[in-house]
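Everything on this sheet refers to the single structure shown next.
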Amino acid sequence: MKISVIGGGYVGLVSSICFAQLGHSVDLIEIEKDKCDAINAGRPPLYEAGLEDLLSIHAGRRLHAHAEYKNTKNSDLTFICVGTPQSSNGYPNLSPISSACKFLGKSLMDKENGDFHVVVVKSTVPPGTTEKLIMPTVLKYACRGTDEIGFAVNPEFLREGLAIYDFMNPDRIVIGSIEESVGDQVQAVYEGIKAPVVRTGLTTAEMIKYASNAFLAAKISYANEIGNICKMLGVNVYEVMHGVGLDSRIGLEFLKAGAGFGGSCFPKDVMALIALAKDLGEDPILLRSVIEVNERQPIKIVDLLSKRIGDLRGKRIAIIGLSFKENTDDVRESRSITVIKELKRRGATIAAYDPKAISSMKRILPDVDYYSSAAEALAHADACLVMTEWPEFSLLDKEFNLMNRRVIIEARRILCCSDCEGICW
Ligand code: UDX
């Protein structure tokens with residue numbers, strides 16, 4: 001099939017490459033010219049395991065990136081994958097989506113009359129957005145009716161760091177549409193992927209994405225709250241959650257306690273659901289607590305550190321791990337940001353290391369000493385916090401001898417040395 005994808009971020013780029021891998025011909029619209037050129041040259045503009053290999057196969061062959069929208073009119077389906085960053089009222093900022101819809105509509109105006117086009121919303125948008133904003137905007141600028149342009153919602157559940165695997169091996173494919181035939185066309189794109197397909201209406205599909213992310217975030221906050229109690233009891237929350245998660249009604253996934261969840265999805269999506277619930281006259285007690293627990297966790301690890309080494313003023317603290325989780329260079333909503341800010345507020349100096357995320361963190365926190373290895377960051381530190389589960393951190397041990405004192409606290413269970421302690425264990 002001929003597919004166009006709008007947006008070359010995580011979701012758009014991974015989807016484009018995977019659609020090409022499934023045999024489709026893909027035009028990726030990315031308005032940032034530098035990113036566009038990098039993609040066409042086979043260089044992914046973001047770090048994601050396996051992406052470069054696949055891109056080098058498809059760039060310039062089945063996959064072409066463009067900085068303008070005109071190629072959308074030559075495709076059968078357009079997937080909207082632009083970002084929906086959080087705005088100050090809790091809701092996502094939908095202006096990038098509105099603008100994409102205008103340009104898409106203008107391009108579809110030039111499509112042959114009678115040539116049906118399907119617009120698929122992959123971006124995470126609040127329930128109701130496709131019907132109330134996306135459909136009317138595209139139709140208005142295309143000067144067409146729903147007999148010529150159909151709409152579907154197809155949320156993406158991929159995780160950064162595992163994006164290609166998740167795309168190719170989803171637990172389910174959710175497709176929301178008004179007309180069955182439009183949903184059928186979207187389903188045909190995924191031929192070759194084995195997964196249950198859930199067919200719904202537009203708003204239901206949008207809500208499935210929010211409800212899934214909020215549930216996963218709630219699992220993590222639950223594990224963190226139990227972890228905080230376990231810490232006081234002197235029991236290991238990972239052992240507890242193993243015993244809990246083996247109950248098939250609960251499941252073992254997303255019960256790892258730590259400094260809380262970050263990333264571009266969970267914090268933003270839970271906040272959006274809270275804002276939506278409030279607007280609808282509901283008080284989302286549980287969702288509010290999910291966020292509250294999450295905001296408290298990074299402060300807890302700093303408090304624990306203070307308990308171990310006392311006043312933090314003038315102390316040198318090594319922060320090992322900056323990305324919001326392992327195997328990515330993404331630092332959006334990373335717990336390390338909150339921890340570093342809190343440590344600095346209490347007068348500590350920071351020596352930081354991450355295998356991939358130093359340059360992205362430098363843009364947010366330029367006033368920190370960054371090092372190119374864990375050993376260098378640890379040298380002469382008064383204590384260290386290991387914030388993420390990068391596999392290479394599991395091998396750290398003798399490097400801690402370079403510290404003034406071996407005071408090692410981990411936010412995720414990753415280390416193998418016996419003299420470390422965890423935030424919740
Ligand atoms: C998430 C969803 O998993 C995905 O379905 C959705 O499409 C986008 O958001 P992602 O943000 O890439 O994906 O990362 P994920 O692996 O889900 O982790 C999110 C955060 O939760 C990370 O900060 C991670 O460290 C944290 N986490 C995850 C925990 O603290 N404990 C866990 O048990 C699992």
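The values are calculated or read from the model by the stated rules, or taken from the named source; none is laboratory data. Everything numeric here is computed off the predicted structure, so don't read it as measured data. Because the Cβ atoms are built from the backbone with ideal geometry, glycine has one as well, and the counts that use them run over all protein chains shown. The area values use the complete protein model at the heavy-atom level, side chains included, leaving out ligands, DNA and RNA. Shrake-Rupley method; radii C 1.70, N 1.55, O 1.52, S 1.80 Å.
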- line: Requiring at least 1 residues that are more than 25 Å from the chain's Cα centre (by Cα) and charged (D, E, K, R), the helices (runs of 4 or more DSSP H) wholly within segment 290-402 are 335-345, 374-378
message: Out of everything in segment 8-19 that is out of contact with any helix residue (DSSP H, G or I) (no Cβ under 7 Å at 6 or more places or on another chain) and open to solvent by 10 Å² or more (accessible area, probe 1.4 Å), what residue ends up being farthest from the ligand (Cβ to nearest atom)?
response: Gly9
query: Looking at segment 108-131, is at least one residue surrounded by fewer than 15 Cβ atoms within 10 Å (Cβ to Cβ), more than 16 Å from the ligand (Cβ to nearest atom) and closer than 24 Å to Phe266 by Cα?
result: yes
- prompt: Looking only at residues in segment 152-172 that are assigned to a loop (DSSP other than H, G, I, E, B) and among the charged types (D, E, K, R), which one is surrounded by the most Cβ atoms within 10 Å (Cβ to Cβ)?
  reply: Glu160
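Just checking, does segment 255-275 include any residue being of a type in the set (Ser, Thr, Tyr), at negative phi and buried (at least 18 other Cβ atoms within 10 Å of the Cβ)? Break it down into steps so the answer makes sense when it comes.
Step one: filter segment 255-275 for residues of a type in the set (Ser, Thr, Tyr), giving 264.
Keeping just the survivors that are at negative phi gives 264.
Narrowing further to those that are buried (at least 18 other Cβ atoms within 10 Å of the Cβ): 264.
Among the residues of segment 255-275, at least one is of a type in the set (Ser, Thr, Tyr), at negative phi and buried (at least 18 other Cβ atoms within 10 Å of the Cβ), which makes the answer yes.
Residue by residue, here is whether (1) more than 16 Å from the ligand (Cβ to nearest atom); (2) buried (at least 16 other Cβ atoms within 10 Å of the Cβ) holds:
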| residue | (1), (2) |
| --- | --- |
| Asp283 | yes, no |
| Leu286 | yes, no |
| Lys307 | yes, no |
| Ile320 | no, yes |
| Lys325 | no, yes |
| Asp330 | no, yes |
| Arg335 | no, yes |
| Glu342 | yes, yes |
| Gly347 | yes, no |
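Out of Lys256, Lys268, I need the residue that is within 16 Å of the ligand (Cβ to nearest atom), in contact (Cβ under 8 Å) with a residue 12 or more places away in the chain, under 24 Å from Gly83 (Cα atoms) and among the charged types (D, E, K, R). Which one?
Numbers: Lys256 fails: under 24 Å from Gly83 (Cα atoms).
Going through Lys256, Lys268 in turn, the sole match is Lys268.
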Meets criteria (touching a residue at least 24 places away in the same chain (Cβ under 8 Å), open to solvent by 30 Å² or more (accessible area, probe 1.4 Å), farther than 18 Å from Val125 by Cα and within 16 Å of the ligand (Cβ to nearest atom)) for Asn224: no
